[in-house]
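**Student:** Dropping a structure here in structure tokens format, bear with me for questions.
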Amino acid sequence: MTLAICPGSFDPVTFGHLDIFERASTLFDNIIVVVAHNTMKNALFTPEQRVRFIRDEVEHLSNVTVESVDGLLVDYARKINARAIVKGLRSAVDLDAEYPMALMNREISNIETVFVLGNPAKGHISSSLVKDVARYGGDVTSFVPAAVARALKEVMA
Ligand code: PNS
């Protein structure tokens, strides 16, 4: 059985991320979506909230589970015997950011990163932009699940 992890900040999860989880779920026997901490970003939602948002949206994917992880991602990957890290790419700009992380993770753990191309129709969606639109009262319902849109509205009120 091949297990892969799909890590990210997911603050909050978007339809772009969900597209990647679906694609990843067809490539590996099991996928664990990992909500992790990015030291470069200040999260709006707690890890528990982020996990809940994702769990509610991946219920139909029988081989996908969701966890939050503190600390080094590859320590967790090794502990659970994950075969690969799966990340989604929207564009070459994403690759610029992902490239050093993938190489660093491989150097310190030998775990490969597999890149999956997202749906170009969702290529403009990012958690940061969604938060910005929501902050100024814009409608984000076409970018994030309804529960996330409601939570953003409450938090930004
Ligand atoms: O969605 P993001 O913010 O691009 O995801 C980045 C994330 C959270 C996967 C990355 O920051 C991470 O792996 N954090 C956990 C701590 C860690 O392992 N850092 C070393 C990364 S090379």
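**Student:** State all residues of the range 74-113 that are surrounded by 13 or more Cβ atoms within 10 Å (Cβ to Cβ), under 20 Å from THR14 (Cβ atoms) and not small (Gly, Ala, Ser); if no residue qualifies, say none.
**Tutor:** ILE85, VAL86, LYS87, LEU89, ARG90, ASP94, LEU95, GLU98, MET101
**Student:** A further question follows. Select from the range 98-117 the residues that are touching a residue at least 24 places away in the same chain (Cβ under 8 Å), more than 13 Å from the ligand (Cβ to nearest atom) and not in a strand (DSSP E or B) and list them in ascending order.
**Tutor:** none
**Student:** Looking at the range 49-66 only, could you name the residues that are of a type outside the set (Phe, Trp, Tyr) and either at pLDDT below 95 or under 14 Å from SER9 (Cβ atoms) (or both)?
**Tutor:** Correct list: GLN49, ARG50, VAL51, ILE54, VAL66.
**Student:** From the set of residues in the range 118-138 that are of a type in the set (Ser, Thr, Tyr) and free of Cβ contacts under 8 Å to residues at least 24 places away in the same chain, which is farthest from PHE45 (Cα to Cα)?
**Tutor:** TYR136
**Student:** Right, something else. Here is a list: VAL74, VAL93. Which entry is within 9 Å of the ligand (Cβ to nearest atom), hydrophobic (A, V, I, L, M, F, W, C) and free of Cβ contacts under 8 Å to residues at least 60 places away in the same chain?
**Tutor:** When all the criteria are applied, what remains is VAL74.
**Student:** Restrict the check to the range 41-57 and report whether at least one residue is closer than 19 Å to ILE111 by Cβ and either free of Cβ contacts under 8 Å to residues at least 60 places away in the same chain or away from the ligand (no atom under 15 Å from the Cβ) (or both).
**Tutor:** Scanning the range 41-57, I find no residue that is closer than 19 Å to ILE111 by Cβ and either free of Cβ contacts under 8 Å to residues at least 60 places away in the same chain or away from the ligand (no atom under 15 Å from the Cβ) (or both), so the answer is no.
**Student:** Let me ask something else about it. If you go through the range 129-145 one residue at a time, do you hit one that is hydroxyl-bearing (Ser, Thr, Tyr) and within 15 Å of PHE15 (Cα to Cα)?
**Tutor:** Yes: one or more hits.
**Student:** Related question: Just one of the numbered conditions (1) on the phi < 0 side of the Ramachandran plot; (2) away from the ligand (no atom under 11 Å from the Cβ) is not true of ASN81; which one?
**Tutor:** (1)
**Student:** May I ask you to verify whether ASN63 is crowded, with 17+ Cβ neighbours inside 10 Å, polar (S, T, N, Q) and in contact with a strand residue (DSSP E or B) (Cβ under 6 Å, 6 or more places away or on another chain)?
**Tutor:** No, not satisfied.
**Student:** Quick check on my filter: what residues within the range 88-105 are of a type in the set (D, E, K, R) and out of contact with any strand residue (DSSP E or B) (no Cβ under 6 Å at 6 or more places or on another chain)?
**Tutor:** Once the filter is applied, which keeps residues that are of a type in the set (D, E, K, R) and out of contact with any strand residue (DSSP E or B) (no Cβ under 6 Å at 6 or more places or on another chain), the range 88-105 yields ARG90, ASP94, ASP96.
**Student:** In this structure, does ALA36 turn out to be under 21 Å from PHE115 (Cβ atoms), within 11 Å of the ligand (Cβ to nearest atom) and either crowded, with 19+ Cβ neighbours inside 10 Å or at pLDDT 95 or above (or both)?
**Tutor:** yes
**Student:** Taking the range 8-25 on its own, how many of its residues are part of a helix (DSSP H, G or I), crowded, with 23+ Cβ neighbours inside 10 Å and either within 10 Å of the ligand (Cβ to nearest atom) or not hydrophobic (A, V, I, L, M, F, W, C) (or both)?
**Tutor:** Residues meeting the conditions: 1.
The values are calculated or read from the model by the stated rules, or taken from the named source; none is laboratory data. The model shown is predicted, which means the values in this text are computed figures rather than measured ones. Backbone-built Cβ (ideal geometry, glycine too); neighbour counts: all protein chains shown.
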